[in-house]
Amino acid sequence: MAIPVTVATIASYAEQQVELQGWVYNKRGSGKIAFIMLRDGTGIIQCIASKKDLEEVEPGLFQRLRKLGQESSLIIRGTVHAEERAPFCGHEIHVTSATVVGESVDYPITPKEHGPAFLHDHRHLWFRSRRQQAIMRVRHAAIRAIREYFDERAYVLMDSPILTPNACEGTSTLFATDYYGRPAFLTQSGQLYQEAGATAFRKTYCFGPTFRAEKSDTRRHLTEFWMVEPEVAWIDFDGVMDLCEDFLVHVTARVLELARPQLEELERDIAALERVQKPFPRISYDDACAKLAELGVHVEPEDDFGSPQETALANSFDRPIMVHRYPTAIKAFYMKEDPENPARALGVDVLAPEGYGEIIGGGQREDDLDVLVGKINAHKLPMEAFEWYLDLRRYGTCPHGGFGLGVERFVTWLCGIHHIRECIPFPRTLDRLEP
Ligand code: 4AD
Ligand code: MG
C-alpha cells in the first residue's frame, strides 16, 4: 500500500511507496519517458514515468500523462528516491501508477511574461505560482509574528467594528453605505474603539480590515487593507515610540525565523532585514524638514510628507526611522498637542528603509475633555457621533496611546517587492474590485 504524503515531508519516505495528490506544475519528456513536476501546495517534486513500466499497469496511461496540460490535477503513486540533482526538493518519484482527476486545458498563466493587469485579472489562479506563494507565506508569517507579539505580552484582543457611524481618519476617504436607512461608514481604523478597550483592560489590540476610499492609485495604497492596532493606557509619547521600535524589531526577527526560505526565493536582501535593531533614529518633523532642505528636497512649510520626502529621509539611514511631532494642523483630531509647542502633535510615523515609506502611524491621544471637544468642532465632525468617545474622557481619563501598522505595507517592505497589491490575497484598489 502506498503511504499518502506531501512534498514537504518527502525526505522521511526515501525508498518507500507513496501517494501524492497535486497539480502539474510543468512537464517535459520524450516518447519513452515523462518528467512531471508535481505541485501539491507544500512544494514541487519531479516525478519520472517510463512508458515501459506504465504500459504494463494501464495501457494508454503513459500517453495520457504525457499530454496532460499545466495545472491538471492528479494522484501519483511511486517510490521516493533521494537525488541531489533533482530540481526543487532533492528527491524524485519513480511513478508506478497515476490517476488523472481533473484535466486542465489551455491554462491561462504560462511561463511566458504576462502584464500585471492580466495577472491580477487571474488572481484566483496566480497564487499557484511560486513567487506569489512565497509572498503569501511571508504575509502569513508576519501576521503570526504580530499576534504572537501581543498575545505573549498580555494584550487582550478586542476587535473593533467595521461598520461605524463616524470617521476616524478624516472625512475625505470614507466609504459610505446604507445602514437600514441611515448612513454608515466602513471603518478607516479601529483605534477609537481600542481606546475604550485600553481603559477597560489596560492593553488591547485589534487586527482587522480597514478601508480608505483613496483617490490616488499609487504603489503604496489599497482601499481595503489590514491593520493591527495596539492601544495602551498609562503610556506616554516616548513609551509609544519605544513600543513601535520593540514591536518592529521582534516581529521582523521572527519573520526571518519563520519565512527565510520564502524571502530567499524572493531574492530579498536579508541583511537589510537583519539590520532592524534598536535604536531606531528618532527625528522631529522640524529636524526632518531641515534635513530635507540640506538634501535639496522641497517641503511645503507645515505640510505633510509625501513619498519623495519619506524616501529621501529614510534613505539617509540603514534601519526604520521614527519621525515625530508633526504639525498639529495636518494631523487627526484625536492627537494630543505637544505641551511644549501646541503647533506640534504627539504623533509618530515609522518610515521603512529602502524607500518603502510609512508603515506605522501612532501617537499619544488627547485625554482632556475640553480640548478634545474643541478639536472635534475645529475638524467640523458631528459631535453626537463622538459622545461615547468623549465619555472615555468624562469617566476616568488617563494618558494613553498606541499605533497602527498596515500589514500590506509591512509585507511589501519585508518582501522587497515593488507594489503593495501583490501583498494581499485579493487587492482592492481605485480601479479594481475583481476577482
Ligand atoms: O497613519 P494611519 O492613517 O493611522 C491610523 O489609522 C491610526 N488611527 C492608527 C492608530 O494609531 N491606531 O494608518 C496607519 C497605517 C499606515 O502607517 C500604513 O501602514 C497603513 O495604515 N495604511 C495603508 N495601507 C495601505 N493602503 C492604504 N490606503 C493605507 N492607509 C494607511
Ligand atoms: Mg499616517
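The values are calculated or read from the model by the stated rules, or taken from the named source; none is laboratory data. What you see is a predicted model, and the numbers here were worked out from it, not measured in a lab. Cβ coordinates were reconstructed from backbone atoms using ideal geometry, including for glycine residues, and neighbour counts include every protein chain displayed.
Here are the numbers for the structure shown:
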quantity: Pair list, Cβ < 6 Å and 6+ apart or interchain, from segment 274-286 residues that are farther than 19 Å from Asn315 by Cβ to residues that are surrounded by 14 or more Cβ atoms within 10 Å (Cβ to Cβ); calculated: Lys278/Glu245; Lys278/Val249
quantity: Number of positions in segment 1-43 that are β-branched (Val, Ile, Thr) and surrounded by fewer than 18 Cβ atoms within 10 Å (Cβ to Cβ); calculated: 5
quantity: Residue match in segment 383-398 (condition: in contact with a strand residue (DSSP E or B) (Cβ under 6 Å, 6 or more places away or on another chain) and within 16 Å of ligand 2 (Cβ to nearest atom)); calculated: no
quantity: All positions within segment 200-232 that are more than 15 Å from ligand 2 (Cβ to nearest atom) and of a type in the set (Asp, Glu); calculated: Asp217, Glu224, Glu231
quantity: Hits in segment 380-408 - residues which are in contact with a Gly (Cβ under 8 Å, 6 or more places away or on another chain) and of a type outside the set (A, V, I, L, M, F, W, C); calculated: Gly401, Gly402, Gly404
quantity: Extreme residue, surrounded by the fewest Cβ atoms within 10 Å (Cβ to Cβ), among residues of segment 256-298 that are of a type in the set (Val, Ile, Thr) and under 26 Å from His419 (Cβ atoms); calculated: Ile270
quantity: Residues located in segment 343-361, provided they are at pLDDT 95 or above and more than 10 Å from ligand 1 (Cβ to nearest atom); calculated: Ala343, Arg344, Ala345, Leu346
quantity: Scan of segment 168-194 for residues that are more than 9 Å from ligand 1 (Cβ to nearest atom) and either within 29 Å of Tyr395 (Cβ to Cβ) or aliphatic (A, V, I, L, M) (or both), ordered by number; calculated: Thr171, Leu174, Ala176, Tyr179, Arg182, Pro183, Ala184, Phe185, Leu186, Thr187, Tyr193
quantity: Flag if Thr429 is more than 16 Å from ligand 2 (Cβ to nearest atom), on the phi < 0 side of the Ramachandran plot and in contact with a Lys or Arg (Cβ under 8 Å, 6 or more places away or on another chain); calculated: yes
quantity: Number of positions in segment 1-23 that are in a strand (DSSP E or B) and of a type in the set (Val, Ile, Thr); calculated: 2
quantity: Pairs with Cβ under 7 Å, 6+ apart, first in segment 258-273 and in the same structural domain as Glu354 (by TED's automatic domain parsing), second outside any loop (DSSP other than H, G, I, E, B) and among the hydroxyl-bearing types (Ser, Thr, Tyr); calculated: Leu273/Thr252
quantity: Strands (runs of 3 or more DSSP E) contained entirely in segment 337-432, each with at least 3 residues that are surrounded by 14 or more Cβ atoms within 10 Å (Cβ to Cβ); calculated: 347-352, 357-364, 400-406
quantity: Residues (within 27 Å of Ala145 (Cβ to Cβ), more than 8 Å from ligand 1 (Cβ to nearest atom) and touching a helix residue (DSSP H, G or I) at 6+ places or on another chain (Cβ under 6 Å)) located in segment 197-218; calculated: Thr204, Tyr205, Cys206
